[in-house]
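Let me begin by presenting the structure, written as structure tokens, before commenting on it.
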Amino acid sequence: MKVTDSSVIRFHLQVLHGITVKSIEGRKDRLFISGAKIFGVPLENLPRRYIPEFGLVPCFLVDACSFLLERAATVGLFRKPGSLPRIKTLNNGETCLSTALPYDVATLIKQFCRELPEPLFPTELHTALLKAQALPNAKDKTSALQLLSCLLPARNSSCLHYLFNFLSRVSQRCAENLMTSSNLATVFAPCLLPPPSKAEMSESRLELRVLVLHAFIENPHLFGNDINPHLILLLSCIRPARRVCICQASSLKMSWTAWNFW
């Protein structure tokens, strides 16, 4: 079940996991005359293609990922850099993507993500994502990350879901390409979850960023999907007075089974 009530999701995160999320709603699409430009352009201004299961995904990302899936056995894909002169010709449209080398196209995908005006994971979610990843219980960690993915704007969610599904398929060829999900998460962390300040560049904080991406690459099917409908229904029906009691009960680690008797 895809959850769209952000207030219910935020309440759930606060009550069960102690995670407060900054609002990322209310952003207006920006008018940007880009012509044929792809890099450094807001998602809403890029040509997109509807992909069943994922939604509207930038055409460049679809074409580049499809190209690389046919060459997923390439050793060190995404780790080894492409050739800057060749990449420049690709950027200028002087070379067709179908005749490019895998390392060059992989570098372009990283460049595309890195040069977006705003990260695919909005900065308002970064702290909450790291707090979710730091939760000691594995089920709580998965639940919190899953709920946070539901708070993403639709265009970001579609793009990330498609990208994580692609990276998961690349990691399944790790016996050939030597790129495990951990390796891919490490490579993409600066592109998808860039540290906003030097204070966020400590080894422990950087490791959490990598682990967040690793979780989504390992389980792309969980991205924004399959939230327990009974849990969401229960939260949405709770009256304010009872919510106070539940908040107090949550600090005592009361289970949902006990709350269901109300």
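The values are calculated or read from the model by the stated rules, or taken from the named source; none is laboratory data. Everything numeric here is computed off the predicted structure, so don't read it as measured data. Positions of Cβ are backbone-derived with ideal geometry, glycine not excepted, and every protein chain shown enters the neighbour counts. In case anyone asks, the SASA skips ligands and DNA or RNA and just uses the protein heavy atoms, side chains included. Shrake-Rupley method; radii C 1.70, N 1.55, O 1.52, S 1.80 Å.
Can you tell me how many residues within region 43-95 are of a type in the set (Val, Ile, Thr) and touching a strand residue (DSSP E or B) at 6+ places or on another chain (Cβ under 9 Å)?
The initial filter retains those residues of region 43-95 that are of a type in the set (Val, Ile, Thr), namely 51, 57, 62, 74-75, 87, 89, 95.
Of the ones still in play, those that are also touching a strand residue (DSSP E or B) at 6+ places or on another chain (Cβ under 9 Å) are 51, 57, 62.
The qualifying residues number 3.
Hey, can you tell me all the residues within region 142-153 that are part of a helix (DSSP H, G or I) and out of contact with any helix residue (DSSP H, G or I) (no Cβ under 6 Å at 6 or more places or on another chain)? Give the steps one after another, and end with the answer.
Step one: of region 142-153, the residues part of a helix (DSSP H, G or I) are 142-149.
Hits for region 142-153 are Thr142, Ser143, Ser149.
Here is a list: Ala144, Ala138. Which entry is aliphatic (A, V, I, L, M) and free of Cβ contacts under 8 Å to residues at least 40 places away in the same chain? Can you show your working first?
Values: Ala144 fails: free of Cβ contacts under 8 Å to residues at least 40 places away in the same chain.
Selected residue: Ala138, the only one of Ala144, Ala138 that is aliphatic (A, V, I, L, M) and free of Cβ contacts under 8 Å to residues at least 40 places away in the same chain.
Kindly indicate which of Phe112, Phe78, Phe67 is under 24 Å from His161 (Cα atoms), touching a Ser or Thr at 6+ places or on another chain (Cβ under 9 Å), modelled with pLDDT of 95 or more and part of a helix (DSSP H, G or I).
On the way: Phe112 fails: touching a Ser or Thr at 6+ places or on another chain (Cβ under 9 Å); Phe78 fails: part of a helix (DSSP H, G or I).
So the residue among Phe112, Phe78, Phe67 that is under 24 Å from His161 (Cα atoms), touching a Ser or Thr at 6+ places or on another chain (Cβ under 9 Å), modelled with pLDDT of 95 or more and part of a helix (DSSP H, G or I) is Phe67.
When you go through Pro81, Pro117 one by one, which is the residue that is within 19 Å of the chain's Cα centre (by Cα) and not small (Gly, Ala, Ser)?
Values: Pro81 fails: within 19 Å of the chain's Cα centre (by Cα).
Of Pro81, Pro117, the one residue that is within 19 Å of the chain's Cα centre (by Cα) and not small (Gly, Ala, Ser) is Pro117.
Need pairs with beta-carbon distance below 8 Å; first residue at positive phi and within region 205-226, second open to solvent by 40 Å² or more (accessible area, probe 1.4 Å) and modelled with pLDDT under 95; sequence gap 6+ or separate chains. So the pair list comes out as Gly224/Lys2; Asp226/Met1. Among (1) open to solvent by 10 Å² or more (accessible area, probe 1.4 Å); (2) farther than 27 Å from Arg71 by Cβ; (3) touching a Pro at 6+ places or on another chain (Cβ under 9 Å), there is one condition Ser197 misses while meeting the rest; what is its number? Every condition holds for Ser197 apart from (3). When restricted to residues that are surrounded by 14 or more Cβ atoms within 10 Å (Cβ to Cβ) and small (Gly, Ala, Ser), region 84-105 contains 1.
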